[in-house]
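The values are calculated or read from the model by the stated rules, or taken from the named source; none is laboratory data. None of these values were measured; they are calculated from a predicted model. Cβ: placed from backbone, ideal geometry, glycine included. Neighbour counts: every protein chain shown.
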Amino acid sequence: MIRSDDSNIKKHTLFLAAVSILLLVFCGTSLLKEAIAAQKTAQHEENQTHWGYEPGNGPFSWGKLNKDWLLCAEGDQQSPIDLTGARQKKMDGMKLEFPTANLKIVHQTHVLEALDNGHTIQINYDGGETLKIGNKRFALRQYHFHSPSEHTVNGRRNPMEMHMVHVSQDKKLAVIGVFIEQGRHNAAFDRIWSNLPTQTGQEVHHENVQVDIDHFLPRNKATYRYRGSLTTPPCSEGVGWFVYVEPIELSRDQIEAFQKIFHGNNRPIQPLNDRTLWYDGIEKRLQ
Ligand SMILES: [Zn+2]
């Protein structure tokens with residue numbers, strides 16, 4: 001009896017072991033598949049991490065939301081900054097090529113293509129090289145708006161700021177910043193403003209709408225210049241910033257039309273750290 005029981009128990013144990021191994025193999029494979037799938041989903045989501053300006057996904061969280069956005073938290077050449085204490089060119093001979101460079105807009109009109117990317121209204125542009133800084137040429141890729149302004153001057157904010165993002169053939173970025181203050185109606189923006197997308201992700205194509213970028217810019221061409229970053233994730237550094245000292249004007253209605261869609265899409269001021277803020281103008285002395 002005992003032998004028989006032993007034998008039965010052995011058989012039973014063997015059977016259980018075999019089932020367990022089969023289960024392990026099956027579940028293992030299945031778990032592995034699930035793990036790979038989960039990883040893929042995570043990677044996919046990580047690439048599309050949602051950032052914004054709300055608590056939880058706002059500027060103070062950007063560096064933690066995605067490992068590719070570490071610079072947002074740890075970078076030391078970040079934008080925007082307060083544009084105070086600028087030095088006129090040829091001060092210490094540092095970054096000489098930067099303050100002595102010339103800024104020249106070459107192309108003037110383009111086809112409008114407005115896209116509400118959830119963070120701002122962005123107008124994409126593919127008109128070739130439009131900007132020359134010294135001998136370096138840049139192509140305008142897109143321009144977009146923030147409200148209130150991201151850069152400040154002596155702590156003062158303007159109601160809006162326009163950013164024109166340029167890239168060179170060797171992938172260097174140059175961004176022109178234009179302050180917008182409340183004033184007279186600015187007809188140069190009518191074509192964009194009458195086509196402002198109302199829904200996130202909505203893409204608006206207007207093949208035959210021409211916009212004259214020259215009219216977006218102030219008369220006084222003096223600029224603040226410094227080395228900074230993108231003001232949105234991934235906060236990439238090495239961006240040449242050129243912010244016009246003189247603001248342009250939009251009417252209260254125009255500003256409010258934008259603010260109805262976006263308000264508070266500005267990153268807080270970042271420390272200047274070991275950087276020099278330059279002022280290239282000669283027409284107007286800074287205090
Ligand atoms: Zn911007």
Checklist entry - Do you know which residues across the range 29-56 are more than 30 Å from L277 (Cβ to Cβ) and at pLDDT 85 or above? => result E54, P55, G56
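For the range 160-170, give me each residue that is away from the ligand (no atom under 12 Å from the Cβ) and in contact with a strand residue (DSSP E or B) (Cβ under 6 Å, 6 or more places away or on another chain). Give the derivation first.
Going residue by residue through the range 160-170, those that are away from the ligand (no atom under 12 Å from the Cβ) are 166-170.
Those that are away from the ligand (no atom under 12 Å from the Cβ) and in contact with a strand residue (DSSP E or B) (Cβ under 6 Å, 6 or more places away or on another chain): H166, V167, S168.
Would you mention how many residues in the range 129-154 are away from the ligand (no atom under 14 Å from the Cβ) and free of Cβ contacts under 8 Å to residues at least 40 places away in the same chain?
8
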Checklist entry - So which residues in the range 156-187 are without any contact (Cβ under 8 Å) to a residue 12 or more places away in the chain and in a strand (DSSP E or B), if there are any at all? => result R156
Item to check | Only one of F258, F242 that is within 15 Å of the ligand (Cβ to nearest atom) and over 28 Å from K171 (Cα atoms) | outcome: F258
